[in-house]
Amino acid sequence: MTTAACFIIASRNDIPIYEAEVGSAAKREDAAQLPQFILQAALDIVQDLAWTTSAMILKTIDKFNDLVVSVYVTDDHTRFMLLHDSRSDDGIKSFFQEVHELYIKSLLNPLYLPGSRITSSHFNTKVGALARKYL
Amino acid sequence: MIGTGKIKQYANVLDKPLGKGKQEVSLSAFAFLFSELVQYNQTQVDNISELETRLEDAGYAVGARVLELLCHRDKGNRRETRLLGILSFVHSTVWKVLFGKVADSLEKGTEHEDEYMISEKELLVNRFISIPKDMGTFHCGAFVAGIVKGVLENAGFPAVVTAHFVPVEGQQRPRTTILIKFAEEVLRREARLG
């Protein structure tokens, strides 16, 4: 089970549209934005990798100390990025797929502008529940 | 009524299952809705090209959503990374889901490398529309062109998509062609990927 994880959904243009801390890690005071930095740095790698494969899950693409970045790219190139410190591959894959379904449902909302921030609290709750279930 | 089960009500739309997509919508309902869309936009603009742009924008929003939904439903989580792949996805899958049949033909332009054409004898959206003479080259298929543009751009293949009437000998009504002109970067990336 992961103890530390940060989950970010970034749009095609590398703008984060959703962020969440999942898992039960204690927040480090000195490096509060560290997860965001690591994930932003990994965006470049994602950009190149996304065009070389037609699979959606890109698995582990970057490492930082003992933390690992896993990425899942959807059709419209929205990136689901997870920073974590364990290796339960299957759990992470299922987590990504379920969040993908949630993302599609919120995308289908005609009042939601694709590429804008996802602010629904229900979405938040569901992602948290999925994280507890799969990570 | 016999056979009506109780439809489960979901508290939030995020809880509802996505569904298999076997629903059909009545053509007349769509035709009324589309005609209202065109009429409403006519009152808001001053000229024809603005009207076409508005219809295109309406279609773009549809295309963006259709892409994600169909890829999730039909393709089992495999993305399209090649040009021909995404074009055949639009030509068959998207057309089948939206209009009930695959598009009539998909051709590569002979003059330019970056042009492709999807042809249709008559677009479903134009079935009940006739263009008055004084509107010249206006084409309500701009809505469908917008859908195609939405799908292509969101998949990472930016393109300029327009709808044209192409007169055919021997037929009274002209064919409709959706002309897709890809941006420079798409061709460069295709060449790079081999």
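Throughout, read-outs are computed from the coordinates displayed, never taken from laboratory work. Model, not experiment: these values are computed from the prediction. Backbone-built Cβ (ideal geometry, glycine too); neighbour counts: all protein chains shown.
Here are a few things to note about the model shown:
- Among B:M117, A:M56, B:M135, A:M81, sorting on how many other beta-carbon atoms sit within 10 Å of each Cβ, with the fewest leading, yields B:M135, B:M117, A:M56, A:M81.
- Calculation over all alpha carbon pairs of the protein assembly as shown in 20 angstrom steps from 0 returns a P(r) of 28, 51, 20, 1 percent.
- Inter-site label distance for B:Q23 and A:D44 at 7 Å from Cα along Cβ, in nm: 4.6
- Ascending count of other beta-carbon atoms within 10 Å, so fewest first, for A:Y18, A:Y112, A:Y72: A:Y112, A:Y18, A:Y72
- Relative contact order %, region A:5-134, counting alpha carbon pairs below 8 Å whose residues are six or more apart: 28
- With all projection directions averaged, the alpha carbon convex hull of chain A covers 7.8 nm².
- Calculated from the alpha-carbon coordinates, chain B shows an Rg and a Dmax of 18.5, 61 Å respectively.
- Backbone N within region B:138-172 under 12 Å of label point (7 Å from B:E184 Cα along the Cβ vector): none
- Ranked A:D90, A:D14, B:D104, criterion: other C-beta atoms within 10 Å, fewest first: A:D90, A:D14, B:D104
- Cross-link table B:K20/B:K149; B:K22/B:K108; A:K93/B:K101; B:K16/B:K96; A:K93/B:K16, entries beyond 30 Å C-alpha to C-alpha: B:K22/B:K108; A:K93/B:K101
- In range of the label at B:V45: residues from region B:115-140 whose backbone nitrogen is under 11 Å from the point 7 Å along Cα→Cβ: B:138-140
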